[in-house]
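Engineer: Handing you this structure, nothing more for now.
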Number of protein chains: 2
Amino acid sequence: MDSPIEEYLHRVHAEISELRDGQPYSVAPKGRSVDPEDFGICLATVDGYVYEVGTTSKEFSMQSLSKPFSYGLALTEHGLEAVDAKVDVEPSGDSFTEISLAPKTGRPANAMINAGALAVASLIKGSGGKTALNRIVDFYSGFTDRQLTSSKGVYNAERRNSDHNHALAFLMSSFGLLESLPTTALETYLRQCAVQITCRDLSLMAATLANSGTNPVTGHEALGVEAVERVLSVMMTSGMYDNAGDWVASVGMPAKSGVGGGTLAVLPGQAGLAVFSPPLDAHGTSVRGEAACRRMSADMEMHFVRSARAGRSAIRAIHSIAQVPSAVRRTDEAAAVLRDLGDRGIVIELTGDLLFAGTESMIRELSTLNDDVEFVVLDARRVDEVSRMSHTMLANLEQQLRHTHRQLLFVDPEDRLATAVSATEGSTFVTRSTAIAHCEDQLLQRHSPELSTPSRVAVSEAPALSSLPAGDAEELERLMESRNYQDGEVVRRVGQRFDGVYFIVSGRITTTARDAEGNRVGLGTLSAGMTFGELALGREQRQELTQRAQGSVEVKVLSAATIDHLEKEDPRLAGEMWRALTREAFTRVDQYMREVTSLIRDYY
Amino acid sequence: MDSPIEEYLHRVHAEISELRDGQPYSVAPKGRSVDPEDFGICLATVDGYVYEVGTTSKEFSMQSLSKPFSYGLALTEHGLEAVDAKVDVEPSGDSFTEISLAPKTGRPANAMINAGALAVASLIKGSGGKTALNRIVDFYSGFTDRQLTSSKGVYNAERRNSDHNHALAFLMSSFGLLESLPTTALETYLRQCAVQITCRDLSLMAATLANSGTNPVTGHEALGVEAVERVLSVMMTSGMYDNAGDWVASVGMPAKSGVGGGTLAVLPGQAGLAVFSPPLDAHGTSVRGEAACRRMSADMEMHFVRSARAGRSAIRAIHSIAQVPSAVRRTDEAAAVLRDLGDRGIVIELTGDLLFAGTESMIRELSTLNDDVEFVVLDARRVDEVSRMSHTMLANLEQQLRHTHRQLLFVDPEDRLATAVSATEGSTFVTRSTAIAHCEDQLLQRHSPELSTPSRVAVSEAPALSSLPAGDAEELERLMESRNYQDGEVVRRVGQRFDGVYFIVSGRITTTARDAEGNRVGLGTLSAGMTFGELALGREQRQELTQRAQGSVEVKVLSAATIDHLEKEDPRLAGEMWRALTREAFTRVDQYMREVTSLIRDYY
């Protein structure tokens, strides 16, 4: 099936192909001609998927498209302040060949005009055995997924047609605006303009800028986020068009064009757009490139005001831990106490980005906790981007909570928040259930120490048998056999048939299942007094889960054979036992129902 | 507990209070003095919460802060094109009092300089029995939560000091650039400048712009999104500062200041910031206002490039319907068939915004469906903003799916997507379970019509009793009594004690519970052949759920009294029954375990 996005791009491509204005750039090496019919559009996402239509794999010269990337390299090497001292960030309102220097400082207006680009080129030096040009080409290559090269033929042709730029370079040098010989700066600049890219390359370069400087295909950090911010700001006001305001108002995306026919536009956080079409208008801008940017910004609402509507709801849900208990099975008494204490622990599920709005709503919620809340679990597993401010605010809050004897816990296997926010040992958990179990254990110890899980429970005291008439539990216990397991040993495995009812006398049993992707996931922990094995009575009488000993474990088993025997010899007792187990089963059904009810807004 | 955001604002307020440069604006009505110590900061979120520090409820004159709002009103009344013909969108680089008209067209450079603001004021006329001024004041009031007024005293003082603006108005009129008498335009302009607001008002006005033009407190659409986009674009390049590029590069937020001491800045989609501090620098900009914007943009990463990092993952999860079956209980055979067919239906849970990136990832997923998929359920309940493009793309996709005989269904109670995307009747559901039940029913009808839910099942055929020895089911049936219920009648209610096991002979029973917020939620539907009532055997022997007849229903009940009697008279049969019910119970536990496992990444 065709993707509607591809279809859309084909339609835009077909419609914009009708535009036949403009002339290709005329400077080219001998024997290399430019085909004005070439027309490609690529759209690359911030996860590295590239949609391609038309001429997307033919190489062309970067020309002025090199300017923002060299500017990025200079910013990286020298810092913002040092580069700002040489090149301003103001739209010039002049065409790209204008010799436009500020009246007082002599600084070029910005790095997108030739004067600014020459100043930037003069800042980039060879180092580590590499020439300035090699360093530039390698740096550019970091924004795409292959090694780029600079064309000597194109460079030679350009150099023969560079009188204006020669004049500019010497003039700037005469004012002391270059950090190298004027001919060196000029050569570096002309060679960077001769770097060969395809439309596909250009879309990945744009997507890398959209992705805060990290190449979405290779994962390489091509440019730091502060430099990205600066480069995109200057592209926004000075990248494309002599009329800065019109571009910001009508397109609202940072963009840049080159006389080689390439145009790139960046939708920060979302995508990079590249167009290749050689015919240029009087300003040296690709006619179809500009038209495609305008068209797609309008159709796809890529304007910076619209595309920034995101980020309202960082809190996905808030539960008390009574609503979402851990998977640890408690005695009826402990479970009842925890239901009463459950409001003292809350779980906040976060989602999306913790930029300003998301952070604010989370902080607002955390600042208005009820007085009796003792534990706050932040479930950070769905968090995407986290701003610095979010870390700072949360760290403050964690301190405040600690001073009022409350604990902030994290479910945060990828460490999006925990290390940056909290120095407290043992406050980070991989699963939500384990974090909540920790809260429950602490609450029981603080408020009902007598109910903290006993280490040993006689079968006759097991909750499952508590509804039996007097003496029956003891009689059943006499029919059971004792078994012992070592830490990690499998007690019951997926696929085993029902072979009896297991009563845990001491130790803990963990239950695991495979999720949809085949990963092993913990479903909970059973402790002394609990039963298992009956689950195999369910569908097809086969076990669906695996149970393992955690530490050394003693169980008593009423085997399937013993039960068969009992049903014949003492049907009354067998019936009582089944009734008790039915009650136990429906207690569990009830517990699952409650859990599902608490998840209900998610699930149904 | 203090909010860390309030603490942060207090710290910024204290630090910026150290700035003692600048002089307040000197034009004021007699007897009204300006206190240079007044200093307030308000931060309003797009859900209408306002953080306030310092002098936030004292009124001051809007002055130039009125310009973007009157521009918005003119854009609303006349459309973008008509207003563009009168006022350009370019940064002027001039100070706000400059007479700066374009050489060829005579258009003022933008609506933020006085010439542009006069042209805009001349476009706003009285209508519907209201003067132009009243219409302006009412329009401004729509951005805050109270009725604003224009001060006559301030107007009179300003008029006595408006020689420069008088000259400008007459000059513009002489060039034919005003749509009213020059004195009328001037009066309208000076009166709009005299509208009195507080710092709190200003933050709500900014938050309304941040919220795409909808007032977050009142819900009123103060300005359409296209006009908001235009107003914020012009504020970005021309709102604050003579050096447009520096503001974009270093602050990156649309902003505007007024000589009354107010400054507003907009973080699109997230928040509105307002500062009140009268001392002005040489450009007429509030010294502390500008400093606070720079400081907070840096600290809180509000620059347009950084704040737009959002919106990567619109797809929260993808399940087959076998992984997340509906709550309708099926016979074992039907359930087995549905497990095999389950990959033919998929559920895609969406979250966050469907702007470009979110839409693209969703469309990409939907464009690469396996050939055998027959149903796609889009769960849109967590979707926030939806772009026009998203609707268009999805509508295309829905057509493509229909042509390949696939159905797109929506879980979309708030109609974020369904109506805009699909014209198909019955494709929208309020809960996920009902949408999946629809898929299951259709799949069963198409692939195993013989397993479509039978309308009547004898007790002896009930799955719960299928494991009994021959003849036992019939014997139990003889002990049961028949009961009939009307549509909507409650069969079992929360809190009732166990009173027997119910077998559904015909009709359907719905089960509901209350969720954490006390809302009634459907847990599923039982059909002929299913049992209920045993759940009350669970915790404390009391029913936790309510069961109602759906349509007319016939059940057979093995009452608690009959069961007691049976246990004494025929313990073998009672034991067999309990064993069968235990098996049935653990079948359900198993089913819940599977469901919980499919939710496991969410839950544990």
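Engineer: Cα centroids of the range B:458-486 and the range A:318-395: how far apart, whole angstrom?
Structural biologist: Here the answer is 48 Å between Cα centres.
Engineer: When the helix-only estimate is applied to chain B (DSSP H runs of n ≥ 4, each -39,500 (n - 2.57), divided by the residue count), what is the mean residue ellipticity at 222 nm, nearest 500 deg cm²/dmol?
Structural biologist: On the way: 21 runs with 243 residues, N = 604.
The per-residue figure over chain B is -12500 deg cm²/dmol.
Engineer: For the charge dipole of the range B:4-307, defined by +1 on Lys and Arg C-beta atoms and -1 on Asp and Glu C-beta atoms about the Cα centroid, which residue among B:M236, B:A14, B:A117 has the Cα displaced farthest towards the positive pole?
Structural biologist: Selected residue: B:A117.
Engineer: With the dipole of chain B worked out from charges on the C-beta (+1 for Lys and Arg, -1 for Asp and Glu) around the Cα centre, which of B:T208, B:F498, B:V259 lies farthest toward the positive end?
Structural biologist: The one lying farthest along the dipole's positive direction is B:V259.
Engineer: Measuring label to label, 7 Å along Cα→Cβ, what does A:D332 give against each other copy in nm, shortest first?
Structural biologist: 3.1
Engineer: When you take every Cα atom in the range A:326-439, what is the radius of gyration, and what is Dmax, the widest Cα pair distance, in Å?
Structural biologist: 14.2, 45
Engineer: Taking θ = phi - 60°, what integer Hz values does the Karplus form 6.51 cos²θ - 1.76 cosθ + 1.60 yield along the range B:56-67, in sequence order, with x for Gly and Pro?
Structural biologist: 10, 10, 8, 7, 9, 7, 5, 6, 5, 4, 6, 4
Engineer: May I ask for the Rg/Rh ratio of the range A:284-381, computed from Cα atoms with Rh as the Kirkwood radius, given to two decimals?
Structural biologist: Values: Rg = 22.7 Å, Rh = 17.1 Å.
Reported Rg/Rh (Cα atoms, Kirkwood Rh): 1.33.
Engineer: Averaged over peptide A:359-368, how many Cβ atoms belonging to another chain are found within 10 Å of each residue's Cβ? If you can, show how the numbers build up before the last one.
Structural biologist: Values: counts 5, 12, 4, 0, 5, 8, 0, 3, 7, 2.
Partner Cβ neighbours, averaged per residue: 5.
Engineer: What are the nm distances, shortest first, from B:H166 to its equivalents in the other copies, labels at 7 Å along Cα→Cβ?
Structural biologist: Computed spacing set for this position: 6.1 nm.
Engineer: Further, regarding this structure: Other chains' Cβ within 10 Å of A:388-396 residues: what's the mean? The partial results should precede the final answer.
Structural biologist: Details: counts 5, 9, 2, 0, 4, 6, 1, 1, 6.
Taking all residues of A:388-396 together, the mean is 4.
Engineer: Moving on. Grab the other residues whose beta carbon is less than 13 angstrom from that of A:T419, score K and R as +1, D and E as -1, and report the net. Mind dumping the intermediate values first?
Structural biologist: Working: positive: A:R416; negative: A:E398, A:D412, A:E414, A:D415, A:E425.
Taking every Cβ under 13 Å from that of A:T419, the sum is -4.
Engineer: If you take every DSSP beta bridge fully contained in chain A, what fraction is antiparallel? Give it as a percent rounded to 5.
Structural biologist: Numbers: 62 of 78 bridges.
If I count the DSSP bridges inside chain A, around 80 percent turn out antiparallel.
Engineer: Once you order the gyration tensor axes a ≥ b ≥ c over the Cα atoms, which shape class does the range A:4-307 get: rounded for a/c under 1.5, otherwise prolate or oblate by comparing a/b with b/c?
Structural biologist: Values: a/c = 1.44, a/b = 1.34, b/c = 1.07.
Verdict is rounded for the range A:4-307.
Engineer: For the range B:4-307, give the magnitude of the charge dipole about the Cα centre (Cβ charges: +1 Lys/Arg, -1 Asp/Glu; no others), in debye to the nearest 20.
Structural biologist: Working: 24 positive and 34 negative charges, 173 e Å.
Using Cβ point charges on Lys, Arg, Asp and Glu, the range B:4-307 gives about 840 debye.
Engineer: Which is farthest toward the positive dipole end of the range B:4-307 among B:V83, B:F304, B:F276, measuring Cα position about the Cα centre, with Cβ charges +1 (Lys, Arg) and -1 (Asp, Glu)?
Structural biologist: Of the listed residues, the answer is B:V83.
Engineer: Same structure, new question: Less than 28 Å apart at the alpha-carbon level, and either on another chain or at least 8 residues along: which lysines does that give for B:K125?
Structural biologist: Cα-Cα hits under 28 Å: B:K67, B:K86, B:K104, B:K152, B:K256.
Engineer: Using a basic spin-label model with each label point 7 Å from the Cα along Cα→Cβ, how many nm lie between B:A470 and B:V225?
Structural biologist: 7.0 nm
Engineer: Roughly how tilted is helix B:356-366, in degrees to the nearest 10 and between 0 and 90, from the longest Cα axis of chain B?
Structural biologist: 20 degrees
Engineer: Average projected area of the Cα convex hull of chain A, in nm²? Kindly include the intermediate steps, with their values, before the conclusion.
Structural biologist: On the way: hull surface 142.2 nm².
One quarter of the hull surface, i.e. the mean projection, equals 35.6 nm².
Engineer: If you restrict to DSSP beta bridges whose two residues both lie in the protein assembly as shown, what percentage is antiparallel, to the nearest 5?
Structural biologist: Numbers: 124 of 156 bridges.
Here the antiparallel bridges make up roughly 80 percent for the protein assembly as shown.
Engineer: What does the structure give for A:561-570 when I average, per residue, the other chain Cβ atoms found within 10 Å of the residue Cβ?
Structural biologist: Numbers: counts 0, 0, 1, 0, 0, 1, 5, 1, 0, 2.
Per-residue shielding by partner chains comes out at 1.
Engineer: Helix B:388-403: angle to the longest alpha-carbon principal axis of chain B, degrees 0 to 90, nearest 10?
Structural biologist: Orientation of helix B:388-403: about 30 degrees from the principal axis.
Engineer: Dipole magnitude of chain B about its Cα centre, charges +1 at Lys/Arg Cβ and -1 at Asp/Glu Cβ only, in debye to the nearest 20? Working shown, then result.
Structural biologist: Values: 60 positive and 81 negative charges, 253 e Å.
Computed about the Cα centre, the dipole is about 1220 debye.
Engineer: Might you report the magnitude of the Cβ-based charge dipole of the range A:315-451 about its Cα centre, with Lys and Arg at +1 and Asp and Glu at -1, to the nearest 20 debye? Please list the in-between numbers first.
Structural biologist: Details: 14 positive and 22 negative charges, 20 e Å.
Roughly 100 debye, rounded to the nearest 20.
Engineer: In addition: Shortest first and in nm to one decimal, what separations exist between B:H283 and its copies in the other chains, measuring from label points 7 Å along the Cα-to-beta-carbon line?
Structural biologist: Listed shortest first, these distances are 2.4 nm.
Engineer: Further, regarding this structure: Please give the helix A:332-341 orientation as an angle from the longest Cα principal axis of chain A, in degrees from 0 to 90, rounded to the nearest 10.
Structural biologist: The angle comes out at about 40 degrees.
Engineer: How do A:370-376, A:265-271, B:471-477 rank on mean C-beta neighbours within 10 Å, highest first?
Structural biologist: Details: A:370-376: 14.9, A:265-271: 29.4, B:471-477: 17.1.
Highest to lowest by the protection proxy: A:265-271, B:471-477, A:370-376.
Here, each number is a calculation from the coordinates, and none is a lab measurement. All values reported here derive from a predicted model rather than from experimental measurement. A quick note on method: Cβ atoms are made from the backbone with ideal geometry, for glycine too, and the neighbour counts reach across all protein chains shown.
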